[in-house]
Amino acid sequence: MKHQTSTLPFLSVFLEPPMGMHGQVLAAAKEAEVFQALQRLHMTIFSQSVSPCGKFLAAGNNYGQIAIFSLSAALSSEAKEESKKPVVTFQAHDGPVYSMVSTDRHLLSAGDGEVKAWLWAEMLKKGCKELWCRQPPYRTSLEVPEINALLLVPKENSLILAGGDCQLHTMDLETGTFTRVLRGHTDYIHCLALRERSPEVLSGGEDGAVRLWDLRTAKEVQTIEVYKHEECSRPHNGRWIGCLATDSDWMVCGGGPALTLWHLRSSTPTTVFPMRAPQKHVTFYQDLILSAGQGRCVNQWQLSGELKAQVPGSSPGLLSLSLNQQPAAPECKVLTAAGNSCRVDVFTNLGYRAFSLSF
Amino acid sequence: MGAVTDDEVIRKRLLIDGDGAGDDRRINLLVKSFIKWCNSGSQEEGYSQYQRMLSTLSQCEFSMGKTLLVYDMNLREMENYEKIYKEIECSIAGAHEKIAECKKQILQAKRIRKNRQEYDALAKVIQHHPDRHETLKELEALGKELEHLSHIKESVEDKLELRRKQFHVLLSTIHELQQTLENDEKLSEVEEAQDESMETDTKP
């Protein structure tokens with residue numbers, strides 16, 4: 001790990017000048033310890049991604065580092081304290097790693113304005129270099145907007161990026177060229193979701209609208225302005241859409257307005273989930289909806305609007321959930337949650353938190 | 001090889017018969033008493049010795065028979081345990097299969113529950129809207145009223161047209177009559193003027 005004194009400028013206040021050779025060595029070690037402890041205190045993990053073999057989990061934080069944890073080691077019966085530490089940590093980006101996604105051989109990570117690809121097979125060795133680093137075409141060369149969301153579209157083997165420049169960019173994974181730009185949002189985009197049946201992409205952002213885009217015609221097909229519906233709008237929180245998930249016919253979205261289940265064909269809100277805190281990540285799982293946001297717990301909802309369970313995690317706020325459903329590793333089938341701390345909670349059974357991995 | 005089996009034998013003998021009591025001692029005593037009997041002089045003593053030796057021998061035979069029976073019993077117990085073990089293994093495998101089946105059923109049931117809940121959610125929304133039949137009936141009734149009213153309007157307009165035409169005819173005939181009367185008056189005036197001028201011509 002490279003020292004990032006630029007991110008913690010106040011550190012120098014706490015250090016005293018070292019005395020003599022031995023004192024210098026000790027002081028340097030002390031300084032490193034204190035620095036690390038402070039770094040971990042202020043860490044936020046923004047994104048997670050599971051490896052294609054299902055045995056490893058990558059987590060990206062606000063310092064631009066990516067840590068790879070071995071899930072199979074941590075879940076095995078002879079797991080020790082070291083199994084809960086990363087297998088390898090490296091500096092991936094200069095800025096925070098806001099979103100990550102895995103294809104069947106690569107890990108794609110995105111931060112401030114650029115997306116990088118890493119080979120899963122190479123990452124476990126030290127000194128791994130990125131395969132490629134690309135920037136979507138921005139309107140001006142001075143713009144470096146953050147990329148908040150990445151989405152893989154397996155049918156056309158492309159990647160969709162969306163973020164601070166209010167546009168959706170499509171990139172073909174084979175050639176690396178940026179094929180389409182979808183414009184329509186008036187403020188930056190937070191989240192993306194893929195509707196598999198008719199290949200459509202849903203995007204939700206700060207302007208409070210969920211827009212559906214048809215990938216074949218590259219046009220906006222439907223717009224749902226969530227804040228205009230009185231059942232779910234909460235003006236005191238704002239109108240931003242923080243999280244989106246879709247199940248082809250249904251969509252659940254939340255953030256400023258309350259977490260609501262929508263029927264897409266008729267654009268009607270059917271169920272409002274009674275959760276006061278804004279939710280930052282939501283996903284469909286079997287017959288439940290899992291959501292997490294401000295507040296320690298991972299919430300499990302029935303589609304009828306009832307809260308089935310609330311399982312507390314170890315971070316004061318959660319930003320991302322990841323379900324490891326890779327068929328190659330059924331013994332590592334866990335839910336992992338990470339947010340405003342350096343820890344990733346692992347839930348082996350949705351009912352309780354088994355243990356936490358830590359940076 | 002011989003050393004190993006010797007060790008085993010010694011270990012087994014120590015285990016079974018550590019302190020030298022029991023069969024081992026009996027056999028040693030038997031050998032000693034046999035030698036004594038061979039060396040004994042008198043008939044009676046010899047006979048009693050002989051009897052004692054026979055009884056010791058039968059005791060040894062008896063204990064050997066017992067050991068053989070116990071050995072048989074152990075073998076049969078082992079077989080029994082093997083059988084039970086196999087049965088338990090089968091039932092474990094059966095239970096595993098049942099668990100897998102049940103897991104599939106759970107997934108299916110969860111899917112069904114999800115579909116039902118989706119249905120319920122949509123049904124709730126639909127209930128808010130009024131019934132389709134009623135709205136259709138209302139639409140029909142309104143349509144009929146519209147037709148009725150348009151008929152009335154048509155008939156009233158027809159009547160109005162008719163009256164207008166009749167009034168037109170009446171007024172034009174009146175006008176014509178007026179014209180004819182005026183013409184007649186003018187003619188009679190002209191005739192009178194002509195008569196007067198003819199009279200003044202004939203007078204002087």
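Non-local amide H neighbours of A:VAL88 (under 5 Å, H modeled in plane, Pro and chain starts lacking H): which ones?
A:ILE68
In debye, nearest 20: dipole of chain A around its Cα centre with unit charges on the Cβ of K, R (+) and D, E (-)? Display every interim value, and only then the final one.
Working: 33 positive and 34 negative charges, 76 e Å.
It works out to roughly 360 debye.
With +1 assigned to the C-beta of every Lys and Arg and -1 to the C-beta of every Asp and Glu, and no other charges, what is the dipole magnitude of the stretch B:108-169 about the Cα centre in debye, to the nearest 20? Please list the in-between numbers first.
Working: 14 positive and 12 negative charges, 114 e Å.
I would put it at about 540 debye.
Using all C-alpha to C-alpha distances in the protein assembly as shown, build P(r) with 10 Å bins and read off the rounded percent in each one.
3, 11, 16, 15, 9, 6, 6, 6, 6, 6, 5, 3, 2, 1, 1, 1, 0, 0, 0, 0, 0, 0, 0, 0, 0
State which entries of A:LYS116/A:LYS219; A:LYS85/A:LYS333; A:LYS80/B:LYS98; B:LYS12/B:LYS83 exceed 25 angstrom in Cα-Cα distance in the structure shown.
On the way: A:LYS116/A:LYS219 27 Å; A:LYS85/A:LYS333 19 Å; A:LYS80/B:LYS98 34 Å; B:LYS12/B:LYS83 28 Å.
Beyond 25 Å between Cα atoms: A:LYS116/A:LYS219; A:LYS80/B:LYS98; B:LYS12/B:LYS83.
Go through A:ILE160, B:TYR47, A:MET251 and say which Cα lies farthest out towards the positive end of the charge dipole of the protein assembly as shown; charges sit on Cβ, +1 for Lys and Arg, -1 for Asp and Glu.
B:TYR47
Two decimals is fine: what is log10 I(q)/I(0) at q = 0.18 Å⁻¹ for chain B, from a Debye sum with one equal scatterer on every Cα and no solvent?
-1.29
Under the rule a/c < 1.5 gives rounded, and otherwise a/b versus b/c splits prolate from oblate, where does the stretch A:112-180 land using the Cα gyration tensor?
Details: a/c = 2.19, a/b = 1.41, b/c = 1.55.
Verdict is oblate for the stretch A:112-180.
Karplus couplings for the stretch B:109-114 from phi (6.51 cos²θ - 1.76 cosθ + 1.60, θ = phi - 60°), rounded to Hz, Gly and Pro as x?
4, 5, 4, 4, 5, 5
Provide the percentage of antiparallel DSSP beta bridges, counting only those with both residues in the stretch A:13-144; round to the nearest 5. Spell out each step's value before the answer.
On the way: 26 of 26 bridges.
Here the antiparallel bridges make up roughly 100 percent for the stretch A:13-144.
Mind running the shape call on the stretch B:156-203? Use the C-alpha gyration tensor, a ≥ b ≥ c as the square roots of the eigenvalues: rounded below 1.5 for a/c, prolate if a/b tops b/c, oblate otherwise.
Details: a/c = 12.89, a/b = 12.75, b/c = 1.01.
Judged from the Cα gyration tensor, the stretch B:156-203 comes out prolate (a/c at least 1.5, a/b above b/c).
Work out the charge dipole of the stretch B:156-203 with +1 on the Cβ of Lys and Arg and -1 on the Cβ of Asp and Glu about the Cα centre, then indicate which of B:PHE167, B:THR202, B:LEU177 is farthest towards its positive end.
B:PHE167
Taking all pairs of distinct Cα atoms, average 1/r, flip it, and tell me the Kirkwood hydrodynamic radius of the stretch B:9-127 in Å to one decimal place.
Values: mean 1/r = 0.0459 Å⁻¹.
About 21.8 Å, per the Kirkwood formula over Cα pairs.
Does the stretch A:298-359 come out rounded, prolate or oblate, given a ≥ b ≥ c as the square roots of the eigenvalues of its C-alpha gyration tensor, rounded meaning a/c under 1.5 and, failing that, prolate meaning a/b above b/c? Each step should come with its number before you reach the end.
Details: a/c = 1.96, a/b = 1.10, b/c = 1.79.
Because a/c hits 1.5 or more and a/b fails to exceed b/c, the stretch A:298-359 counts as oblate.
Once you keep just the Cα pairs under 8 angstrom separated by 6 or more residues, what percentage relative contact order results for chain A? Could the numbers behind the result be given before it?
Details: 884 pairs, mean separation 39.6, N = 359.
Relative CO of chain A lands at 11 percent.
Would you work out which of A:GLN310, A:GLY127, A:ALA73 lies farthest towards the positive end of the dipole of chain A, given +1 charges on the beta-carbon of Lys and Arg and -1 on that of Asp and Glu, about the Cα centre?
Result: A:ALA73, furthest along the dipole toward the positive end.
Take the alpha carbon atoms of the stretch A:263-280, find their center, do the same for the stretch B:145-174, and report the distance between the two centers in whole angstrom.
So the separation of the two Cα centres works out to 62 Å.
With +1 assigned to the C-beta of every Lys and Arg and -1 to the C-beta of every Asp and Glu, and no other charges, what is the dipole magnitude of chain B about the Cα centre in debye, to the nearest 20? Before the final figure, lay out each step's value.
On the way: 31 positive and 41 negative charges, 869 e Å.
With Lys and Arg at +1 and Asp and Glu at -1, about 4180 debye.
Here, each number is a calculation from the coordinates, and none is a lab measurement. In this text the structure is predicted, and so the values were computed from the model without any measurement. Positions of Cβ are backbone-derived with ideal geometry, glycine not excepted, and every protein chain shown enters the neighbour counts.
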